[in-house]
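Here the structure comes first, spelled out in structure tokens, and everything after it is commentary.
Each value in this text was obtained by applying a stated rule to the coordinates, not by laboratory testing. Only a predicted model underlies this, so the values are computations on that prediction, with no experimental measurement involved. Cβ atoms come from the backbone with ideal geometry, glycine included; neighbour counts cover every protein chain shown.
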2 protein chains.
Amino acid sequence: MTLQDRPADAPASLDAFARRLQDMAPGLPKRLRQCADHVGRNLDRVAVSTVADLAEGAGVPPSAVMRFCQIMGFSGFSEMQRLFREDYGGARPDYATRLRALREGAGSSPGALLAEFIDAGRASLERLATQANETAMETATHRLAAGRMIHLAGFRRAYPVASYMAYALERMGVAAMLHSGAGHLDQSQAISADDAVLAITFAPYSAETVDLVALAQKRGARIVALTDGVASPVALAGVTVLTVEEVDFGAFRSLSATLAVAMALAVAIGTRRGTV
Amino acid sequence: MTLQDRPADAPASLDAFARRLQDMAPGLPKRLRQCADHVGRNLDRVAVSTVADLAEGAGVPPSAVMRFCQIMGFSGFSEMQRLFREDYGGARPDYATRLRALREGAGSSPGALLAEFIDAGRASLERLATQANETAMETATHRLAAGRMIHLAGFRRAYPVASYMAYALERMGVAAMLHSGAGHLDQSQAISADDAVLAITFAPYSAETVDLVALAQKRGARIVALTDGVASPVALAGVTVLTVEEVDFGAFRSLSATLAVAMALAVAIGTRRGTV
DNA sequence: GCCAAAATGGAATAAATATTCCATGAGCGG
DNA sequence: CCGCTCATGGAATATTTATTCCATTTTGGC
């Protein structure tokens, strides 16, 4: 790889750009490597930066940045920047502005609180997008779809998630049982080796859920856990673990990310079962 | 208002900018008015546009844009753009890139579905931020907090929202009753004139919720409805209506925005009751 | 309908920014 | 250690972009 052999074509999208960056970065000489690293870590600034800005950020002279643009397949910096400016979907500034306005209210005014919850929800979703483990979700889908029926366990703050999933699965004709704890009946006896269990729980983990997972494991059921990862007590051997980090606001957790995972699972299961 | 008397100081934030735009726009002559309108409707493009771009978009010559920048209090376009570029928190390109990558999978792969749900959730939250009615939320908070206890009604897909609210209110020591329909008991008899009712329902509106609201109205209870606005059957006389538009993905609705409103209400009520 | 004040458009100029080029230095194989 | 190739930095240049200025048009008051 030398500076002579540059790709003939420019990346046509930010994805293509990211891919090419990944491809080329390892074989690049020092200065160009610095450019690649800096650009990679500051993709959002490219649209609003000058050559000089980027050069300074990367600790290289402007001419190095120019060379970098060229080996990436662009005629120069301007062409590269055009890609970033066009693709830039926009941070919906109306949204941002409005959010600030809402937040201006007194600390406990409904508007200010709403702004916080909106922000927590959005942050959770964005984090989920970057952290989601597709492989784990594939595995989870297979295991849950393979069961005769699906047991849903989620109490306290996980209960809304479990109940929405129960609703979705029911709508798609997938047999599911929501373990609600209603009437203090011990529904866990219904779990058999043919079944699949989805346990949803977050710190502080409710004892009912942990017990239910232990029982299900003993019975030989397929188990998937939707939890917050860090040393979750349901992350036993043989359990497929899906982790979701939610952003809290005050004492209350946004459920946005958890719900997104739950719904994606539900629809994937429904599709796989061919019942939709 | 003439072009002579321009403000001495430049807005220091996008908020301040938006406020000033609002202030000044009405009294502006034709061309500058066009600039103001165009900029106001394209705040997200300012950071990545040139004077010529904006001028073309607004249908005015570049010099008009320059004058516009100056009457807004900036020394020129560059200074104004700097404000936009700095504030430009960024569309989290990692997030955007990752989302595209997820979506690349087959239509029903869990990853692709997850991307859709994440996007629907985020879109819902952003829309909520711009459309939320603070006054209505204030009113709703007062009415709900004033009741002896709060009845929560939400079935089918609204049930997760109602149940999370029940959880939150319980945690804050606010008396609340979740009308679950379990056991086919008619819990609605519990509603008295001293109470407040929060009805959560979306098209197709469940009959139970509509009936419950009608009964509560007859009993003289304070009623708040969290619904999707367009001719909702629970928007009766005397009912405080909070509208939330969710973005659907396929057959399933994101609950992100609805949950954000619900949680903001819950915490506002808890605070008002002084129990937190 | 005339006059003054304000607004406008476009061309001229200034400034910022991108891009090229080449002399120099570093690294590598023989 | 020499010679070759490739990488590098900086200065010179080209291009784009912002900004000013002023002649002309429009507007509003009398």
Taking a crude spin-label model, label points 7 Å out from Cα along the C-beta direction, the residue B:9 to residue B:171 distance in nm is 4.1
The relative contact order of region A:132-272, taking Cα pairs under 8 Å that sit 6 or more residues apart, comes to a percentage of 28
Long-range amide H partners of residue A:239, meaning residues 5 or more apart or on another chain whose placed amide H is closer than 5 Å, are none
Label points for residue A:76 built 7 Å along Cα→Cβ; distances to same position in the other copies, nm, shortest first, come to 2.1
Once normalised by the length of region A:1-87, the mean sequence separation of its alpha carbon contacts under 8 Å that are 6 or more apart gives a contact order in percent of 37
Most packed first (mean Cβ within 10 Å per residue), the peptides B:235-244, A:214-223 order as A:214-223, B:235-244
Each residue of A:18-28 has, on average, a number of other protein chain C-beta atoms within 10 Å of its C-beta equal to 1
Residues of region B:195-212 with backbone N under 16 Å of the label point set 7 Å from the Cα of residue B:245 along Cα→Cβ are B:203
Sorted on mean Cβ neighbours within 10 Å (highest first), peptides B:73-79, A:77-83 come out as A:77-83, B:73-79
Two pseudo-spin positions, 7 Å from Cα along C-beta at residue B:139 and at residue A:37, lie apart in nanometres by 5.9
Other residues with Cβ under 11 Å from the Cβ of residue A:244 give, with Lys and Arg +1 and Asp and Glu -1, a net charge of -1
Taking A:35, A:69 and counting other beta carbon atoms within 10 angstrom, the fewest-first order is A:69, A:35
Shortest first and in nm, the label-point separations between residue B:30 and its counterparts in the other identical copies (7 Å out along Cα→Cβ) come to 6.2
Expected integer from the mean partner chain Cβ neighbour count at 10 Å over A:168-178 is 1
Per its Cα gyration tensor (rounded if a/c is under 1.5, else prolate when a/b beats b/c, else oblate), region B:133-272 is best filed as rounded
Distance in nm between residue B:215 and residue A:19 label points, each 7 Å along Cα→Cβ, equals 5.9
Rounded to a whole number, the mean other protein chain Cβ count within 10 angstrom for residues of A:265-272 is 5
at residue B:238 the sorted inter-copy label distances (label 7 Å from Cα on Cβ side), in nanometres, are 6.0
By the C-alpha gyration tensor axes a ≥ b ≥ c (rounded if a/c is under 1.5, else prolate when a/b exceeds b/c, else oblate), the shape of region A:14-87 is rounded
